[in-house]
Amino acid sequence: MSGGIKEKGERLEQALARLNFKPRELESGHVWLAGAGPGDPGCLTLEVLAALGQCDALVYDALVSPDVVAVAAGAELFYAGKRGGQPSMKQDDITALLVRLAREDRRVVRLKGGDPYIFGRGGEEALALAREAIPFRVLPGLTSGLSALADAGIPATMRGINKAVILATGHAAGTDDDLDWTAIARTGQPIVIYMGMANLRVIAASLLEGGLASSTPAAVIVAATTPQERIVVATLATIAEQAAAAGLTSPALIVVGGIIAMRAALAGEA
């Protein structure tokens, strides 16, 4: 068994050598905003992996896997939280921490789940660093909204089904700062909703009011790409009830649209 693991490791090293990947150096006083992907360490990019091996200060979110955090073995760890309903640092405090660490000539990685620029406030942090004249770089990550679908067997786009995909946040559903769900419903295009589990009933009702059929396929994907992944597939009319019955909680993505039907077809169930 150990021989097989060693052989696989050697093959991986050989593959990386053939790739001729030369990571850039993370310099003192610089901040790299990096995406850890949807959860599985295998979804890390080589750039992010190399950055974790170089940093001496890691500011990371709750959605980042402990296995990924462990890669930064030589770094001081700063936990930022950022999970709905759980204790978290305020955004201004996170930004101030990044600035302070950079001015202490640390090699800083700010690690987020998914991609920094997709509902990760990476743009806000980058702008703050730019205003403080702190050198920074953004390392893209696999955004959860698309990679979770692929892992769950749902093509984000499918000829004959959709011509666009809408990425939306459900965080403010039911408030004065809410999206126009009626306008979104009228597009007829699949919707991938981040941070919406607490408002799933409100979102589903709003989309139904906006004109989507009650039979529209819907799904909730929890802990995508990880061993804890759970998926519930239902209709827009029943998804809130079925997700609650299954005990699903955040972190989760809500998906609404005809592309969900492809999951059963690809699994040979339809």
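If I fit a long axis through the Cα atoms of helix 2-19 and take the longest principal axis of the Cα atoms of the chain, what angle between them do I get, 0 to 90°, rounded to 10? Orientation of helix 2-19: about 80 degrees from the principal axis. Relative to the Cα centre, the charge distribution of the range 145-266, modelled as +1 at Lys and Arg Cβ and -1 at Asp and Glu Cβ, gives a dipole magnitude of about 440 debye.
Computed over the chain with a Gaussian network model linking Cα atoms closer than 10 Å, the most mobile of Leu207, Leu98, Leu127 is Leu127. Taking 0.36 nm per residue of separation and subtracting the current Cα-Cα distance, fully stretching the chain between Ala246 and Leu19 would add 77.3 nm. The C-alpha atoms of the chain define a longest principal axis, and helix 200-209 lies at about 50 degrees to it. The angle between the Cα long axis of helix 91-103 and the longest principal axis of the Cα atoms of the chain comes to about 20 degrees, rounded to the nearest 10. Taking the helices alone, the chain has a mean residue ellipticity at 222 nm of -9500 deg cm²/dmol, built from -39,500 (n - 2.57) per DSSP H run of at least 4 residues and averaged over all its residues. Rg/Rh for the range 62-192 (Cα atoms only, Rh after Kirkwood) is 1.02.
Antiparallel beta bridges, as assigned by DSSP with both residues in the chain, represent about 40 percent of the total such bridges. Take the Kirkwood radius over Cα pairs of the chain, plug it into Stokes-Einstein at 25 °C and 0.890 mPa s, and you get 122 µm²/s for translational diffusion.
Within the range 200-270, report the GluC sites (Glu not before Pro) that DSSP leaves as loop and that have at most 13 other Cβ atoms within 10 Å. Hits after loop and neighbour filter: Glu269. Loop-located trypsin sites (Lys or Arg not before Pro) across the range 160-249 with a Cβ neighbour count of 13 or fewer within 10 Å are Lys163, with loop assigned by DSSP.
Computed from the coordinates by the stated procedures, all read-outs in this text should not be read as laboratory data. For clarity, every value in this text was computed on a predicted model and none was experimentally measured. Using ideal geometry, Cβ is built from the backbone for each residue, glycine included, and neighbour counts are taken over all protein chains shown.
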